[in-house]
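Structure record follows, encoded as structure tokens.
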Amino acid sequence: MTIRIEICTIEHVCELQEISYETFNETFKGQNSPENMKAYLEKAFNRVQLETELSIADSQFLFIYVNHKVAGYMKVNINDAQSENMGVESLEIERVYIKKEFQKHGLGKVLLNKAIEMATEQHKTNIWLGVWEKNENAIAFYEKMGFVQTGAHAFYMGDEKQIDFIMNKTIL
């Protein structure tokens, strides 16, 4: 199995949109109403929104490929691009999504290690993320990777208020 990470650019927006819809549906469709899923997908992953996010200097999308096929992606933010003000010493992992067919092969760990590497290169001492309180598999994975819950914030799936746990990892 050949694994490669590549920066996603504006030229990849259609592929990014496709994988965003696919992975978000695979992950959350069974736990949310069709109406709320539709509303969220249309808001968060429409082409204009993704093009806007891709143009932000302090945000970066990274595709992970397995044998030349896109298996998932990660979005990281620093400075003012962070979705919460966690300070200039922090790097946010805003999204990590792996296609169902590629899960349980260590790709999430590869992406998290890439985020740690990026944070270290940029002299950040903290990595943080938000994870839905009902996403038990993801929470267990992040805890295994050394993240601890330090707070929570509201997240809207359509018109339904949900809670994301804020999880942090200190890096040296």
Averaged per residue, the 1.4 Å probe accessible area of segment 40-92, protein heavy atoms only, in Å², is roughly 46
Taking only Cα atoms of segment 40-79, the Rg to Rh ratio with Kirkwood Rh works out at 1.03
Cα-based Rg/(2.2 N^0.38 Å) for segment 1-67, rounded to two decimals, is 1.23
Counting all Cα-Cα pairs in the chain, those more than 28 Å apart amount in percent to 17
Magnitude of the Cβ-charge dipole (Lys and Arg +1, Asp and Glu -1) of the chain about the Cα centre, nearest 20 debye, reported as 580
Of the candidates Phe28, Ile56, Ile78, the farthest towards the positive dipole end of the chain (Lys/Arg Cβ +1, Asp/Glu Cβ -1, centred on the Cα centre) is Phe28
For segment 130-172, inverting the pair-averaged 1/r of distinct alpha-carbon atoms gives a Kirkwood value in Å of 10.8
Charge dipole of segment 39-172 built from unit charges on the beta carbon (Lys, Arg +1; Asp, Glu -1), centred at mean Cα; most positive-end Cα among Ala140, Ile166, Leu41 is Ala140
With +1 at each Lys and Arg Cβ and -1 at each Asp and Glu Cβ, the charge dipole magnitude of segment 40-89 around its Cα centre, to the nearest 20 debye, comes out at 340
Ala44 neighbourhood, Cβ < 12 Å, K/R = +1, D/E = -1, net charge +2
Scoring only Lys, Arg, Asp and Glu (+1, +1, -1, -1) among other residues with Cβ under 13 Å from the Cβ of Ala154 yields -4
Square roots of five times the C-alpha gyration tensor eigenvalues of segment 100-172, ordered largest first and given in whole Å, equal 22, 17, 11
For the table Lys109/Lys134; Lys38/Lys144; Lys38/Lys134; Lys104/Lys161; Lys104/Lys169; Lys114/Lys161, the rows whose alpha-carbon distance is greater than 28 Å are Lys38/Lys144; Lys104/Lys161; Lys114/Lys161
For the chain, averaging the sequence separation of alpha carbon pairs under 8 Å that lie six or more residues apart and dividing by its residue count, the contact order in percent is 20
Amide H proximity to Gln103 below 5 Å, modelled H, separation 5+ or other chain, gives none
Between Glu121 and Lys100, Cβ-based FRET efficiency (R0 25 Å, step 0.05) works out to 0.20
Note to self: C-alpha centroids of segment 113-130 and segment 13-57 sit apart, in Å, by 24
Treating only Lys and Arg (+1) and Asp and Glu (-1) as charged, each at its beta carbon, one finds that segment 80-172 has a dipole about its Cα centre, in Debye to the nearest 20, of 460
Over the chain, the sum of -39500 (n - 2.57) across DSSP H runs of at least four, divided by residue number and rounded to 500 deg cm²/dmol, gives at 222 nm -10500 deg cm²/dmol
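The values are calculated or read from the model by the stated rules, or taken from the named source; none is laboratory data. Worth saying up front: this structure is predicted, and the values here are computed from it rather than measured. All Cβ positions, glycine included, derive from the backbone under ideal geometry; neighbour counts span all protein chains shown. Heads up: the accessible areas ignore ligands, DNA and RNA and are worked out on the full protein's heavy atoms, side chains in. Shrake-Rupley method; radii C 1.70, N 1.55, O 1.52, S 1.80 Å.
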